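What follows is one structure encoded as structure tokens, with my remarks underneath.
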Amino acid sequence: MERWSKELAELDVAGMRRSLRTVDGQGPRAVVDDRDVLLLCSNNYLGLAGHPALLEAAAAATWRYGAGSGASRLVSGTLPPHARLEERLATFKGSEAALLFNSGFAANTGILQGLFGPDDIIFSDALNHASLVDGCRLSRARTVVYPHGDVTTLETLLAAEAPRRRGRWLIVTDGVFSMDGDLAPLAALCDLKERFDALLMVDDAHGTGVLGASGRGTAEHLGCLGRIDLQMGTLGKALGCAGAYLAAPRVVIDTLINRSRPFIFSTSLPPAVPAAALAALEVVTSAEGAQLRADLHRNVELFAGRLRSAGLDLFASATQIVPILVGAPVPTMAITRRLLDESIFLQGIRPPTVPEGSCRLRATVMATHDPLDLERAAERIAAAVREPCS
């Protein structure tokens, strides 16, 4: 106990200690520490977590099937909402089949562990999400990390490995990178995977529902939806629910049903969750969903534009994830506290989530944010970053 206490104290001094904070509300505004705040760090990008259609679907499923599912999917935990959602997700992504997981982390670790092994090679973007990093490790495949978004270097690495190839090859990348807000070069990656007979997996947690004419994600937005082999996405961000999925060929899904440990050994999602996600997909693909995406993109342009005009470094963000470079941990967290005092709630992000020296404020924009609130927030953020407190 004493040693852990000492380690926590050292984290305090370095500005690296993390703690939980209760947030009352999921809309554009919430209550934090008894203060009404502008919520600028939620992944509820379209505001669907509180949408009446989702709430009604969740309530109806709870009354019909109960609060829990009772077992894992392979025992008795596959209820009608689970099966219907998987069918709908396959249609949504244009794939043969889909499979639900309890979280994005469970999906990525379970997909890579279930499909790949020691004879295989996984080529992984340097800024991929931690769940993909851990999935690579669990797979026991050899992992080759390529510089972020660097297709030229990736091509060189693929060519170098080709003479001694034995097993399957996979290129894996985020679609929207969760800390930088930029997009993977999916069309170029598709070209490479086809040239080198590899598979391509895209974690589209932050693109699903938000990007593309019909909200089908980063691949639709970039014009290569039909070329992605393994399409992973989450239900807990723009879709306003919880859990995750893989959309893929039927043989891939059947293999995971038999080999993916997080899928096999987890009690399935409560029936309210897939029921609400079905309702979310109906909203996303409707005229209402198109309007929400338009509102979101308008808000992003306004907010990010104000911050850039103030001279702040937003990395290469092109999405609703708007990172604002600060640099070191201590001033980053001091700015976070100052902004909370000014009724703006967003989080400071530190290593190991981001590389050393690139600590940042990670702001996320919602379709339901009031543009005037975003303008005022941008002014206060710019002032806080220009004049950091200790």
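Across 314, 189, 79, mean-square fluctuation computed from a Gaussian network of the chain (C-alpha pairs under 10 Å connected) peaks at 79. For the chain, the equivalent ellipsoid built from the Cα gyration tensor has semi-axes of 33, 27, 22 Å, listed from largest to smallest. Ordered by 1.4 Å accessible area with all protein chains kept, 144, 31 run largest first as 31, 144.
Region 160-216 and region 285-299 have Cα centres lying 25 Å from one another.
Rounded to two decimals, the Cα-based Rg/Rh of region 329-389, with Kirkwood Rh, is 0.98.
Springs between Cα atoms under 10 Å define the GNM used for the chain, and in it the highest mean-square fluctuation of 373, 12, 36 occurs at 12. Summarised in one figure, the compactness ratio Rg/Rh of region 1-134, Cα atoms and Kirkwood Rh, is 1.05. Take every DSSP beta bridge whose two residues both sit in the chain; close to 60 percent of them are antiparallel. Tally up the carbon and sulfur contribution to the accessible surface of region 156-255 as a whole percent, 1.4 Å probe, everything protein left in place. For region 156-255, the apolar C and S fraction of the accessible surface comes to 52 percent.
The calculated 222 nm mean residue ellipticity attributable to helices in the chain amounts to -13500 deg cm²/dmol, summing -39500 (n - 2.57) over DSSP H runs of n ≥ 4 and dividing by all residues.
Residues in region 79-181 average 39 Å² of solvent-accessible surface per residue, probe 1.4 Å, ligands and nucleic acids excluded.
Along its principal axes, region 24-93 has C-alpha extents of 45, 28, 21 angstrom, given from the largest down. At 1.4 Å probe size, what's the solvent-accessible area of residue 120? Round to the nearest 10 Å². Surface accessible to solvent at residue 120 totals approximately 10 Å². Assuming charge only on the beta carbon of Lys and Arg (+1) and of Asp and Glu (-1), the dipole of region 77-195 about its Cα centre is about 440 debye to the nearest 20. Remark: C-alpha extents of region 259-331 on the principal axes read 48, 38, 21 Å, sorted largest to smallest.
Please give the direction-averaged projected area of the C-alpha convex hull for region 98-200, in square nanometres with one decimal. Across all orientations, region 98-200 yields a mean hull projection of 6.3 nm². Using C-alpha pairs under 8 Å with a sequence gap of at least 6, the mean separation divided by the residue count of region 82-163 gives a relative contact order of 24 percent. Ordered by 1.4 Å accessible area with all protein chains kept, 261, 3, 350 run largest first as 3, 261, 350. Protection proxy ranking for 273-285, 91-103, 62-74, using the average of other Cβ atoms within 10 Å per residue and placing the highest first: 273-285, 91-103, 62-74.
The reciprocal of the average 1/r between distinct C-alpha atoms defines the Kirkwood hydrodynamic radius, which for region 154-234 equals 13.0 Å.
When all alpha carbon pairs of region 189-283 are counted in 10 Å bins from zero, the resulting P(r) reads 15, 41, 35, 9, 0 %. The heavy atoms of residue 264 offer some 40 square angstrom of accessible surface to a 1.4 angstrom probe. When +1 charges are put on Lys and Arg Cβ atoms and -1 charges on Asp and Glu Cβ atoms, the dipole computed for the chain relative to its Cα centre reaches about 720 debye. Close amide H pairs (under 5 Å, H built 1.01 Å from N) link residue 200 with 171, 229, 230, residues at least 5 positions away or on another chain. Helices in the chain that qualify as membrane-span-like (whole DSSP H runs, Cα extent of at least 27 Å along the helix axis, mean Kyte-Doolittle hydropathy of -0.5 or higher) are 287-309. Over region 277-390, what number does the Rg to Rh ratio reach, with both radii from the alpha-carbon atoms and Rh per Kirkwood? Taking Rh as the inverse mean 1/r over Cα pairs, Rg/Rh reads 1.03. Just checking the listed ones, 321, 228, 111: in the Gaussian network model of the chain with Cα springs under 10 Å, the one fluctuating most is 228.
Residue 338 sits among other residues whose Cβ lies under 10 Å from its own Cβ, and their net charge, with Lys and Arg +1 and Asp and Glu -1, is -1.
The values are calculated or read from the model by the stated rules, or taken from the named source; none is laboratory data. The structure presented is a predicted model; accordingly, all values stated were derived computationally and were not measured. Cβ coordinates were reconstructed from backbone atoms using ideal geometry, including for glycine residues, and neighbour counts include every protein chain displayed. Ligands, DNA and RNA are excluded from the accessible area calculation, which covers all protein heavy atoms including side chains. Shrake-Rupley method; radii C 1.70, N 1.55, O 1.52, S 1.80 Å.
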